[in-house]
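One structure is given here, and the rest of the page talks about it.
The values are calculated or read from the model by the stated rules, or taken from the named source; none is laboratory data. Only a predicted model underlies this, so the values are computations on that prediction, with no experimental measurement involved. Cβ sites come from the backbone with ideal geometry, for glycine too, and all protein chains shown count toward neighbours.
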């Protein structure tokens, strides 16, 4: 991938060197605008992340560099690599929208090198530009016959001396016959918005766009009617805390109906436990591994002194600890922008579920 036009005419971008996460942690710019100031390496990395998120690929590889023969990001559908169907992503990072003159040599390389047997023609060859694709080029890329005619017309000016540095490549003989029969419908535009739509549902998104890139959370799941095995320990601890508070044995959930306020507390505890569980699942699918655990650690250290105080009983310890958790504003990572009070309360029960909190001390 290069920022240079034909014959070495440069179109430089005089931009800063700040990374996209640095930009994203400031003002909340639209992601499509942040893409425009990516470095060449960042834009290519973004395209690689996008391709890795597209269903159906067996392997995605960054191929760009000297001798890439018109291939930037290659996406294989099977372990047979170029011997099976494959897609090519041509990454362009210029100071303005992509124009036809920017792609003639790339088309020429694909046609020439597939003709010489370096690789089979790709199934698709997508042109991806950080400042998107101009209307004139869009029209050509949606009209294969016209695209072919324009490439033939521009071959000598853009391809003949630029496909390889070792020799000129005239468009005649067998190569001309190959081009005439070539399927130009494989050349397609792909917009930044299309790529962001896929990219935004991956763990790469927040890495690229910082706090501005965190997607909206789905609606948290409600607790199931039956107690699930994964919540058995914190539920057991709640019953112990209620028993200590009431000074009676509470061995069965059915007993809670005798004490309406206690039953309401239990139902709220389950709701916030699952609220925090939904945050954990959201983090797993949207941000870096370990992000939820970092939030949980910050909540733990923010409430542990309150937890350790002398309390009248286990229920009093729960209430004081959970109240303190609600007062904490975690800021350890980007996920904190999506943390609600219910999550902070629920994390306390997550901690009790693994015995980091034991509400009734003499039962610990």
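Residue count for region 281-299 under the criterion of being in a helix (DSSP H, G or I) and buried (at least 19 other Cβ atoms within 10 Å of the Cβ): the result is 9. Looking only at region 318-342, which residues are at pLDDT 95 or above and buried (at least 20 other Cβ atoms within 10 Å of the Cβ)? Once the filter is applied, which keeps residues that are at pLDDT 95 or above and buried (at least 20 other Cβ atoms within 10 Å of the Cβ), region 318-342 yields 318, 321, 322, 325. With respect to the stated conditions, residue 104 fails to be crowded, with 23+ Cβ neighbours inside 10 Å, at pLDDT 95 or above and over 28 Å from residue 209 (Cβ atoms). Counting only residues that are under 18 Å from residue 121 (Cβ atoms) and surrounded by fewer than 16 Cβ atoms within 10 Å (Cβ to Cβ), region 70-80 holds 3 of them.
Figure legend. Inter-residue proximity from region 291-302: first residues under 13 Å from residue 277 (Cα atoms), second residues in a helix (DSSP H, G or I), beta-carbon distance below 6 Å, spacing 6+ or different chains. Indicated pairs: 292/280; 292/283; 295/335; 296/347.
Here the condition is being surrounded by fewer than 14 Cβ atoms within 10 Å (Cβ to Cβ), at pLDDT 95 or above, in the same structural domain as residue 241 (by TED's automatic domain parsing) and touching a helix residue (DSSP H, G or I) at 6+ places or on another chain (Cβ under 9 Å); of 313, 305, it holds for 305 alone. Can you name the residue in region 231-258 that is more than 22 Å from residue 361 (Cβ to Cβ) and without any contact (Cβ under 8 Å) to a residue 24 or more places away in the chain and, of all such residues, is farthest from the chain's Cα centre (by Cα)? Across region 231-258, the extreme among qualifying residues is 258. Quick one: would you say residue 337 is touching a helix residue (DSSP H, G or I) at 6+ places or on another chain (Cβ under 7 Å), touching a residue at least 60 places away in the same chain (Cβ under 8 Å), farther than 24 Å from residue 236 by Cα and assigned by TED's automatic domain parsing to the domain that holds residue 242? Criteria met by residue 337. So which residues in region 124-156 are in contact (Cβ under 8 Å) with a residue 60 or more places away in the chain and either at positive phi or surrounded by fewer than 14 Cβ atoms within 10 Å (Cβ to Cβ) (or both)? Correct list: 132 only.
I'd like to check something: does region 49-61 contain any residue that is closer than 26 Å to residue 172 by Cα, assigned by TED's automatic domain parsing to the domain that holds residue 193, surrounded by 14 or more Cβ atoms within 10 Å (Cβ to Cβ) and in contact with a strand residue (DSSP E or B) (Cβ under 7 Å, 6 or more places away or on another chain)? No, every residue in region 49-61 fails to be closer than 26 Å to residue 172 by Cα, assigned by TED's automatic domain parsing to the domain that holds residue 193, surrounded by 14 or more Cβ atoms within 10 Å (Cβ to Cβ) and in contact with a strand residue (DSSP E or B) (Cβ under 7 Å, 6 or more places away or on another chain).
For region 262-280, the criterion of being outside any helix (DSSP H, G or I) and in contact with a helix residue (DSSP H, G or I) (Cβ under 9 Å, 6 or more places away or on another chain) is met by none of the residues.
Filtering region 203-213 for residues that are touching a residue at least 24 places away in the same chain (Cβ under 8 Å) and touching a strand residue (DSSP E or B) at 6+ places or on another chain (Cβ under 9 Å) leaves an empty set.
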